[in-house]
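**Q** Mind having a look at this structure? Questions to follow.
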């Protein structure tokens with residue numbers, strides 16, 4: 001006698017996925033995509049920061065090379081005479097009336113035109129970019145804008161500190177920078193120009 005199976009027992013096992021499994025997969029995939037987007041954002045930010053640092057370093061070497069090319073104006077004069085023509089402060093900005101802008105032909109070499117064009121390059125290449133060239137006086141310590149103290153030296157002349165600062169987070173105006181001074185980055189180049 002042949003046994004008869006109940007019709008439910010003959011049904012095939014379920015094939016495919018349920019709606020809950022699909023939803024769990026979508027949620028897990030979403031977390032993965034958000035994590036990758038965060039990594040991309042941080043990578044882009046770090047890449048931009050490294051780019052700005054390399055630009056600042058190149059600009060520091062640029063003004064040092066300009067000083068070496070014009071030693072007569074760059075070397076510190078004897079005691080009692082004016083300071084080097086390349087000494088400039090952070091407050092000094094590009095003035096189109098005193099020379100060409102960045103990447104323009106400089107023309108006749110002069111320290112004032114060199115510094116003015118350098119200021120233009122700082123303002124164009126770096127967000128809120130500023131620069132300063134200071135002479136190191138023999139026997140005196142010097143603390144730069146980055147907080148680095150340069151020990152006193154015995155060289156009679158020709159030792160400079162080139163400082164470049166810029167905004168880390170692309171701050172739009174100087175009021176924001178005054179409220180957030182910790183968002184400032186800087187590069188310092190201590191260099192010797194001319195004979196020692």
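The values are calculated or read from the model by the stated rules, or taken from the named source; none is laboratory data. Keep in mind that what you see is a predicted model, and the values were worked out from it rather than measured. Positions of Cβ are backbone-derived with ideal geometry, glycine not excepted, and every protein chain shown enters the neighbour counts.
**Q** Quick check on residue 36: is it modelled with pLDDT under 90, touching a strand residue (DSSP E or B) at 6+ places or on another chain (Cβ under 7 Å) and either part of a helix (DSSP H, G or I) or within 30 Å of residue 152 (Cα to Cα) (or both)?
**A** Working: modelled with pLDDT under 90: yes; touching a strand residue (DSSP E or B) at 6+ places or on another chain (Cβ under 7 Å): no; either part of a helix (DSSP H, G or I) or within 30 Å of residue 152 (Cα to Cα) (or both): yes.
It is false that residue 36 is modelled with pLDDT under 90, touching a strand residue (DSSP E or B) at 6+ places or on another chain (Cβ under 7 Å) and either part of a helix (DSSP H, G or I) or within 30 Å of residue 152 (Cα to Cα) (or both).
**Q** Restricting attention to strands (runs of 3 or more DSSP E) lying wholly within the stretch 120-196, give those where 3 or more residues are within 28 Å of residue 42 (Cα to Cα) and at pLDDT 85 or above. Spell out how you get there, then give the answer.
**A** Working: elements: 130-135, 159-167, 184-192.
Ranges flagged: 159-167.
**Q** Here is a follow-up. Can you tell which of 103, 70, 47 is at positive phi and at pLDDT 80 or above?
**A** Details: 70 fails: at positive phi; 47 fails: at positive phi.
That would be 103, the only listed residue that is at positive phi and at pLDDT 80 or above.
**Q** Say whether the condition of being more than 19 Å from residue 131 (Cα to Cα), in a loop (DSSP other than H, G, I, E, B) and modelled with pLDDT under 80 is met by at least one residue in the stretch 82-100.
**A** yes
**Q** Moving to a separate point now. Filter the stretch 94-123 for residues that are under 22 Å from residue 52 (Cβ atoms) and loosely packed, with under 13 Cβ neighbours inside 10 Å and give the result.
**A** Selection gives 103 alone.
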